[in-house]
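The values are calculated or read from the model by the stated rules, or taken from the named source; none is laboratory data. On a predicted model such as this, the values are computed, not experimentally measured, just so you know. Here the Cβ positions follow ideal geometry from the backbone for every residue, glycine too, while neighbour counts run over all protein chains shown. Heads up: the accessible areas ignore ligands, DNA and RNA and are worked out on the full protein's heavy atoms, side chains in. Shrake-Rupley method; radii C 1.70, N 1.55, O 1.52, S 1.80 Å.
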Amino acid sequence: NNATTTDDAAAHDRSMNDRDGSEHSSSAQEQEFLATIPIIRAASSSGLNKNGKDAAQAPSDNNNVEDDFIQVEETTHHSLAIRPDGSIACWGRNELGVAPPEGVKGDFVAVAAGGYHSVALRRNGRIKCWGCNRYGEASPPKGDDFIAIDAGAYHSIALRRDGSVACWGGNGYGQAPPEGIDGDFVA
């Protein structure tokens with residue numbers, strides 16, 4: 001379930017579409033724009049605690065999670081949130097390294113929580129994945145032309161600037177054709 005509001009998603013889409021894929025530091029104009037993105041406070045989700053029992057998975061001091069986020073994602077066992085500085089906070093069941101308590105450093109603009117893997121989109125259009133890779137779900141395609149991401153239980157997908165969709169991971173039901181999907185899709 002994605003707790004990001006429609007306004008947040010539109011703001012992320014605008015910020016990602018303005019990128020040319022090159023590494024650069026934030027300009028004053030970018031920082032001004034980022035300051036307009038609504039902050040989500042005191043995010044929480046439900047799932048399984050470290051003992052596998054139902055429990056509120058709200059961020060706590062013992063896993064170094066702050067309360068200010070620009071996007072949150074959750075799945076049955078773990079939760080992810082992007083901080084205003086672009087780093088990712090993780091909490092929940094860290095099986096197979098899916099939710100490292102120290103978080104993930106970087107300049108991320110989107111995050112997606114899969115069954116036992118996590119996917120994040122960098123500001124430069126590149127994708128980072130971590131966690132279980134049994135079906136290749138945490139082995140993203142190369143490139144810096146991605147503008148949106150999502151994750152399923154055992155597969156991941158990403159929208160390219162040209163409107164095509166890249167797919168990787170489990171494809172038992174045709175949900176992630178390795179050749180991708182041609183088209184003119186928009187986020």
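Summary of computed values
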quantity	calculated
Heavy atoms of residue 126 accessible to a 1.4 Å probe, total area in Å² rounded to 10	100 Å²
Selected from 124, 163, 176, residue furthest toward positive end of dipole (segment 101-187; charges at beta carbon)	124
Relative contact order (percent, whole number), segment 77-158, Cα cutoff 8 Å, 6+ residue spacing	23 percent
Cα-centre dipole for segment 82-187 with unit charges at Cβ (Lys and Arg positive, Asp and Glu negative), debye to 20	320 debye
Highest average packing first - 149-159, 83-93, Cβ atoms within 10 Å	149-159, 83-93
Mean Cβ count within 10 Å, highest first, over the residues of peptides 99-106, 163-170, 111-118, 71-78	111-118, 71-78, 163-170, 99-106
Cut-off under 5 Å, modelled amide H: who pairs with residue 71 long-range	82
Over segment 127-176: Rg over Rh, Cα atoms, Kirkwood Rh	0.95
Amide H contacts under 5 Å for residue 87, placed H, 5+ residues apart	106, 108
